[in-house]
Amino acid sequence: MTASADLVVVGAGIAGLTAARVAAAAGIRVVVIAKDGPTGTSYAQGGIAVSRGADVEVHLADTLAAGDGLCDVDAVRSILAGAAEAVDELAALGTAFDRGSDGSLSMTREGGHSINRIVHAGGDATGAVVQEVLSAAGPTVRHHCTVIDIRTDAHGVAGVVVAGPDGITTIDTPAVLIATGGIAGLYAAGTNPPGSTGDGIALAVRVGARVADLEFVQFHPTALWIEGATGRIPLVSEAVRGEGAVLLDRAGHSITAGVHPLGDLAPRDIVARAIAERLRQTGESHVWLDARAIDNFPDRFPTVTASCRAAGIDPAHDLIPVAPAAHYLCGGVITDTAGRTDVPGLFAAGEVARTGLHGANRLASNSLLEGMVVARRSADAIRERLGRWDLDRWEPRDLARTVADDTNDGVPQILSDTAGVVRTGDGLDDADRRLHGRAGDRALVAQLVIRAAQRRTETRGCHTRLDHPDTDPALGHSLAYGIDPDGEPIDLGPVLPHPAATAEVTR
Ligand SMILES: Cc1cc2nc3c(=O)[nH]c(=O)nc-3n(C[C@H](O)[C@H](O)[C@H](O)COP(=O)(O)OP(=O)(O)OC[C@H]3O[C@@H](n4cnc5c(N)ncnc54)[C@H](O)[C@@H]3O)c2cc1C
């Protein structure tokens, strides 16, 4: 069965729903498709970083510091400048952001932020509140459907192949926006929902798009530690440390004292590494978060409180056991700040995209804002493309189709063993061997992550190589990857300014 649309949006989190809503309002015939299960968006706790006026430059400086030399400064400035409008729009759609008694927005702080600039809703339930508001705003989503392939012709994107309750169907379309979220669901344990398996990365490279910065998988320092837990692990928001909680080892010593001037509020890579090092020294499985001094903890952090109570912990009286867990992919499909990829008609936004905002390490709460800002702009870029798509000529590449049933493929264990908070060349080479020849999208994404981690023979941002503990100035740029006609990862050199961005400058 074949249907048609002007635009297919793959994913119904903050990026997909924002792009779909703006595109539909502009008269574009949109179909939104989403897999089973919750989105990554619905789990976001801390909030949305938003800067206004003079603070945009301070926010820029904080973002660049966290990004450890790999951010694209123009992209950072452009995206941060769009945050206030995007948050105002969310409020206008009905998002009840938390406010002080004077009616002004309550602002909290997370790691790497030099001031309080993070707005939140429902205490620590920002993502759930935003997801509900955006879902209600429409358009309707076709749930229980998985996009398993994108089709191209000489004009670029030509359609998608969907697996759903009606079997395998196709939708003809000249534009696809990939908004499939992160990859932490590929790890044995992480903070993402199980559906966050990097499908969009596989879909994009299989039609010739480039990816970059996949080695920068951010590990959240404080996932709730539960003995033997696998799959999705509840998060203890960084905002808990923002409100005064401290990280301690079993002996009661600070984990971060002397590690960074911001102490427990240092950027996530630094805190996660400090915890990993302390665990290595002590041989223990977790450290502790002392949040007992925070007033009204259950009111301010209802989600964290519920997760702790389910594990038999009362944060008002008990120390909270925590350990780092796979959390966020800083890289992804290379796009400009309007979501354009290398492939005509293919757009990407949200966690799956690599705009250059995060560099080697995302600043906390910069991702919801990126999803909204880039998705809104993507809708405009898509409208522009629909006006002239039949003029484009493009050379479709005959790249490998590796769609396969890839459950029980061993990928989670391989990634967790070798591409965790700390990595070694030997471990990554071992992963490369173990993944070689495996079919399926998950194995393909894992191979690309491993390739990127192998090539980055230095420690930078959230990529820590025990065999290369220093930062190498010669590697101070992002590296692009793709696949060859056999479906094997290939190196595609340093990331240069996006072709669409260059075209805009010269026009
Ligand atoms: C526990 C947690 C806390 C976080 N806290 C914060 C925070 O406080 N602030 C912040 O800024 N960020 C936070 N983040 C990160 C942020 O939530 C995500 O980066 C962001 O929500 C991703 O949005 P998205 O729209 O790109 O993807 P998602 O919201 O993950 O949506 C992805 C969508 O794609 C669909 N999908 C995937 N593959 C396919 C396929 N093949 N076919 C069809 N559909 C598909 C999924 O079903 C889903 O609908 C947090 C993340 C987690 C997990």
G228 passes all but one of the listed conditions (1) touching a residue at least 24 places away in the same chain (Cβ under 8 Å); (2) on the phi > 0 side of the Ramachandran plot; the exception is number (1)
Being surrounded by 16 or more Cβ atoms within 10 Å (Cβ to Cβ), assigned to a loop (DSSP other than H, G, I, E, B) and out of contact with any strand residue (DSSP E or B) (no Cβ under 8 Å at 6 or more places or on another chain) narrows G420, G487, G427 down to just G487
Flagged in segment 456-478 as touching a residue at least 60 places away in the same chain (Cβ under 8 Å) and either touching a His at 6+ places or on another chain (Cβ under 6 Å) or part of a loop (DSSP other than H, G, I, E, B) (or both), in numbering order, are R456, G461, C462, T471, G476, H477, S478
Quiz item: Does segment 247-270 contain at least one residue that is within 15 Å of the ligand (Cβ to nearest atom) and on the phi > 0 side of the Ramachandran plot?
Solution: no
Residue set G198, G208; condition within 15 Å of L448 (Cα to Cα) and within 12 Å of the ligand (Cβ to nearest atom); output residue G198
For segment 87-109, pairs from a residue that is on the phi > 0 side of the Ramachandran plot to a residue that is surrounded by 15 or more Cβ atoms within 10 Å (Cβ to Cβ), with Cβ under 7 Å and 6 or more apart or across chains, are G94/V133
The residue that is nearest to the chain's Cα centre (by Cα), considering only those in segment 15-30 that are surrounded by 23 or more Cβ atoms within 10 Å (Cβ to Cβ) and either within 6 Å of the ligand (Cβ to nearest atom) or hydrophobic (A, V, I, L, M, F, W, C) (or both), is A15
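Residue-wise test of (1) within 30 Å of A163 (Cβ to Cβ); (2) surrounded by fewer than 22 Cβ atoms within 10 Å (Cβ to Cβ).
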site: P38; (1), (2): yes, yes
site: V58; (1), (2): no, yes
site: A61; (1), (2): no, yes
site: D72; (1), (2): no, no
site: S78; (1), (2): no, yes
site: A86; (1), (2): no, no
site: T95; (1), (2): no, yes
site: T126; (1), (2): no, no
Check on H358, in contact (Cβ under 8 Å) with a residue 60 or more places away in the chain, crowded, with 24+ Cβ neighbours inside 10 Å and outside any loop (DSSP other than H, G, I, E, B)
no
Checked segment 332-346 for anything aliphatic (A, V, I, L, M) and either under 19 Å from G82 (Cβ atoms) or touching a Pro at 6+ places or on another chain (Cβ under 6 Å) (or both); matches are A338
Among the residues of segment 32-61, the number that are outside any loop (DSSP other than H, G, I, E, B) and under 17 Å from the mean Cα position of the chain (by Cα) is 5
Subset of segment 263-310, residues of a type in the set (G, A, S) and either assigned to a strand (DSSP E or B) or surrounded by fewer than 15 Cβ atoms within 10 Å (Cβ to Cβ) (or both), comes to G283, S285, A293, A306, A310
Of the residues in segment 342-375, those that are away from the ligand (no atom under 15 Å from the Cβ) and either under 30 Å from D153 (Cβ atoms) or touching a strand residue (DSSP E or B) at 6+ places or on another chain (Cβ under 6 Å) (or both) number 6
Residue hits (segment 153-188; assigned to a strand (DSSP E or B) and surrounded by fewer than 19 Cβ atoms within 10 Å (Cβ to Cβ)) are D153, A158, V161, A163, G164, G167, I168, T169, T170, D172
* Restricting attention to segment 141-158, does a residue exist that is within 14 Å of the ligand (Cβ to nearest atom), touching a strand residue (DSSP E or B) at 6+ places or on another chain (Cβ under 8 Å), on the phi < 0 side of the Ramachandran plot and among the small types (G, A, S)? -> no
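Rundown of residues vs (1) β-branched (V, I, T); (2) within 14 Å of the ligand (Cβ to nearest atom); (3) modelled with pLDDT under 95, yes/no style:
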residue	(1), (2), (3)
R52	no, no, yes
H59	no, yes, no
V73	yes, no, no
R99	no, no, no
Residue pairs within 7 Å by beta carbon, gap of at least six or interchain, first lying in segment 41-69 and within 30 Å of P234 (Cβ to Cβ), second in a loop (DSSP other than H, G, I, E, B) and of a type in the set (K, R), listed first then second, are A49/R117; V50/R117; S51/R117; H59/R117; A66/R362
Is there a residue in segment 390-413 that is modelled with pLDDT of 90 or more, in contact with a strand residue (DSSP E or B) (Cβ under 9 Å, 6 or more places away or on another chain) and under 30 Å from T457 (Cβ atoms)? yes
Result of the Cβ filter at 8 Å on segment 124-136, keeping first residues that are within 18 Å of E351 (Cα to Cα) and partners that are of a type in the set (D, E, K, R) and modelled with pLDDT of 95 or more, at least 6 apart or interchain, is L134/R21
Scanning segment 193-240 residue by residue, the ones that are modelled with pLDDT under 95 and in a helix (DSSP H, G or I) total 2
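The values are calculated or read from the model by the stated rules, or taken from the named source; none is laboratory data. All values derive from a computational prediction rather than experimental measurement. Using ideal geometry, Cβ is built from the backbone for each residue, glycine included, and neighbour counts are taken over all protein chains shown.
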